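Engineer: Following this message is one structure expressed as structure tokens.
What follows is calculated from the coordinates using simple rules that are stated; it is not laboratory data. Note that the structure is a prediction, hence the values are computed from the model and not measured. Neighbour counts are summed over all protein chains in view; Cβ atoms, including those assigned to glycine, are modelled from backbone coordinates with ideal geometry.
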Amino acid sequence: MSVYLYIIAALAGVGAIMNVFAIRRSSVTPANAWKKYGVFVSYVALLVFSLFLHPDYRLLLYAVLGCIGLVEFASRILRSNWKVGKILSILLYLQIILGFVLSAQMPQETIADVILTVIVFDSFSQLFGQLFGKKKLIPKVSPGKTVGGTVGGFFSALLVSLLVFYSKSSPKNSVVGHVLIVTSYILYAFLGDFIASWIKRKLNIKDFGDWLPGTGGWNDRFDSVFFALSLSYLFSQLL
């Protein structure tokens, strides 16, 4: 588990350096950029902390995180005029949160792999997008997502996961198998972000909330990890 901590600590440092360059190259104010970075570091610290809990306590923590997200999500949906999608979106979200909570029972190493992949993909997608992103990926759904950012985030997550893979004395899978599994984690995270963005467009809102500085709401920060861990748990039960 120590290798995950070393990598996450190193990535936090790299993220801070890239944040400086991103501030210089974009219109984002330094105060907002560092607030957002601070929220992200706190989010990462909470997820890392969960890895060291007994599975029962981790399940309890995930239940609390999920309930906060559910309350925020439902309150936004129920206040909207989106008649057709209200019930369906809440039911979908309930399934995702249930899967997220139950994912606490997965092996510690699996949870760590998913969390590390999501953290790297999310953070470096944003940083590469600020530095090199010009072409929009899905402008009608998520205007801030760029091709350069997504590609940069994908390969960054893949590279970091391979560093973890080769640091293990006896990996459970082949290199090809590992790459395929990590790619699935990235797709789950991307899908979660895409669905959340699509729902926000339907509700005509920018964020689900406004109480996390520079980030928005609880679901604006946790959507990717909710989906990634939930779908990872689902497929682990099916396979």
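Engineer: Could you order the peptides 56-63, 119-126 from most to least packed, using the average number of other C-beta atoms within 10 Å per residue?
Structural biologist: Working: 56-63: 16.2, 119-126: 25.6.
Result, highest mean first: 119-126, 56-63.
Engineer: Quick one: Kirkwood hydrodynamic radius for the chain, alpha-carbon pairs, angstrom, one decimal?
Structural biologist: The answer is 18.3 Å.
Engineer: Using only helices, what value at 222 nm comes out for the chain when you add -39,500 (n - 2.57) per DSSP H run of length 4 or more and divide by the total residues, to the nearest 500 deg cm²/dmol?
Structural biologist: Mean residue ellipticity at 222 nm (helix-derived): -27000 deg cm²/dmol.
Engineer: Still on this model: Let me know the charge dipole size of the chain about its Cα centre in debye, to the nearest 20, where only the beta-carbon of Lys, Arg (+1) and Asp, Glu (-1) is charged.
Structural biologist: Once rounded to the nearest 20, the dipole reads 960 debye.
Engineer: Taking the alpha-carbon distance from Lys86 and a cut-off under 24 Å, which lysines remain once sequence neighbours fewer than 8 residues away in the same chain are dropped?
Structural biologist: Once the sequence-local lysines are set aside, what remains near Lys86 is Lys140, Lys200, Lys202, Lys206.
Engineer: Further, regarding this structure: Let me have the relative contact order for the stretch 2-238, percent, based on Cα pairs under 8 Å that are six or more residues apart.
Structural biologist: Details: 280 pairs, mean separation 61.7, N = 237.
Averaging sequence separation for qualifying contacts and normalising by length gives 26 percent for the stretch 2-238.
Engineer: Cβ neighbours within 10 Å, averaged per peptide: list 151-160, 44-53 in order, most packed at the top.
Structural biologist: 151-160, 44-53
Engineer: Okay, moving on. Could you work out the relative contact order of the stretch 151-238? I mean the mean sequence separation of Cα pairs under 8 Å and 6+ apart, divided by the number of residues, in percent. Don't skip to the answer; put the middle values down first.
Structural biologist: Details: 58 pairs, mean separation 22.7, N = 88.
Result for the stretch 151-238 is 26 percent.
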